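All of the numbers you see were taken from the coordinates with simple rules; none came from a lab. If you're wondering where the values come from, they're calculated on a predicted model, not measured in any experiment. Ideal geometry is used to build each Cβ from the backbone, glycine not excepted, and the neighbour counts take in all protein chains shown.
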């Protein structure tokens, strides 16, 4: 292990947790936060998602003293971070109720590969949605066992018992997340498609808030939502949040990205301010218009990721609109150990520059706007930037280097991915 990483980082501790995750509803009683969890582990901090009448309005990380944090101290910390005068009125509850009376049908897609426990948690949360009209489609990507089939069968039985849900199963034999995503598009043609990953659970109001965003933004081609940590039991999980997590600084303020906003946010950089693949919803036909997902990108390819980032960029470059709706919330289980986190950050870097390579091969004219953005990108990546400025002293700086190395290898990895994908397609030409 390189000396750039702390020696203790490889192990999951059993005597402490870096932070407990608290889902705090201000309309209810404010709880005390104990200094020790039910397993006897010392709780060092609390990551608090703050809601007002179910709507997420902010998050804060608070130190927890050994004796615990009293409810009054927690309330004071919330008031300092989110003053009462800045909190929204609950009128959106009326809007949500109105939407639910004529809710659009949504297909929820989960692409998975040999992760039955995570998939079961995801499906349980989706089937518990407080939303009247949806189905679930599970895409089993290049399976080597029947574990996914069994989980889906259990979920389908549960849905049938509820009487108003369906859980469908399709198999995509070509390995790679983008192949699985494109298989889902063929099975859900003409439908609103909501994507959630098999290491996430959906907030009970997730689909209702998606539908509210679609109604309030009829011009939106895509709706994206917030992705927050389900647990912060290990240092690696908290380090991921320090590095930006899945939120990347988006926070809990709704926003819209479109041709009218290019003066403050380019569709090319910085990325991804407008969403991530674990919580994105496309109206019918939008993905088909951009040719679906690039199968040389994504998990399971040498490029490792960013098929979602490329798709969102393509929508915006083509003149589309992305609405960010943070109240459409999902909870993500971060990588628990340092090795997994390092692989993830390498993948983020590799995938990002691979996505740019794909974009330039499709439209070489984009080289000019990318070159104009290059000084800012280089300054952010190698000169500090807001993300690095927010890192705590215990953050392993070797992770930053791992991400940078991924950025440098992305273009070559993408070209390798294209070659590998062509060979795969030739071998599987007879498949649908």
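Here the relative contact order of the chain, from alpha carbon pairs under 8 Å that lie six or more residues apart, stands at 16 percent.
Remark: spin-label model distance residue 42-residue 412 equals 4.5 nm, labels positioned 7 Å along the Cα→Cβ axis. For a test of the definition: using alpha carbon positions, the gyration tensor, and the 1.5 limit on a/c, classify the chain as rounded, prolate or oblate. Rounded, since a/c falls under 1.5. Taking other C-beta atoms within 10 angstrom as a stand-in for reagent exposure, 133, 379, 365 fall in the order 365, 379, 133, fewest first. Here 332, 179 are placed in order of increasing Cβ neighbour count within 10 Å, fewest first, which gives 332, 179. The stretch between residue 261 and residue 25 holds 81.7 nm of extra length on full extension. This uses 0.36 nm per residue minus the Cα-Cα distance.
Could you work out the helix-only [θ] at 222 nm for the chain, with each DSSP H run of four or more residues adding -39,500 (n - 2.57) and the total divided by the number of residues, to the nearest 500 deg cm²/dmol?
The helix-only estimate for the chain comes to -12500 deg cm²/dmol at 222 nm.
For residue 367 and residue 420, the FRET efficiency from 1/(1 + (r/R0)^6), where r spans their Cβ atoms and R0 equals 25 Å, is about 0.50. Highest-first packing order for the peptide set 160-170, 320-330 is 320-330, 160-170, based on the mean count of other beta carbon atoms within 10 Å.
Distance between the 7 Å Cα→Cβ label points at residue 124 and residue 397: 4.3 nm.
For the range 92-334, rounded, prolate or oblate, judged on the Cα gyration tensor with a ≥ b ≥ c (square roots of eigenvalues), a/c < 1.5 rounded, else prolate if a/b > b/c?
Values: a/c = 1.33, a/b = 1.16, b/c = 1.15.
Rounded, since a/c falls under 1.5.
Full extension of the segment from residue 186 to residue 427, taken as 0.36 nm per residue of separation minus the current Cα-Cα distance, would add 84.7 nm. For a paramagnetic label modelled at 7 Å from the Cα of residue 67 toward its Cβ, which residues of the range 32-47 fall within the zone defined by backbone nitrogen distances under 16 Å? Only 32-36 pass the distance filter. The distance between label points at residue 360 and residue 216 comes to 3.9 nm (points 7 Å beyond Cα on the Cα→Cβ vector).
For residue 95 and residue 162, what is the calculated FRET efficiency with R₀ set at 25 Å and r taken between the beta-carbons, to the nearest 0.05?
After rounding, the FRET efficiency stands at 0.45.
Which of rounded, prolate, oblate describes the range 351-427, given a ≥ b ≥ c as roots of the alpha-carbon gyration tensor eigenvalues and a/c under 1.5 marking rounded, otherwise prolate only if a/b is larger than b/c? Judged from the Cα gyration tensor, the range 351-427 comes out oblate (a/c at least 1.5, b/c at or above a/b).
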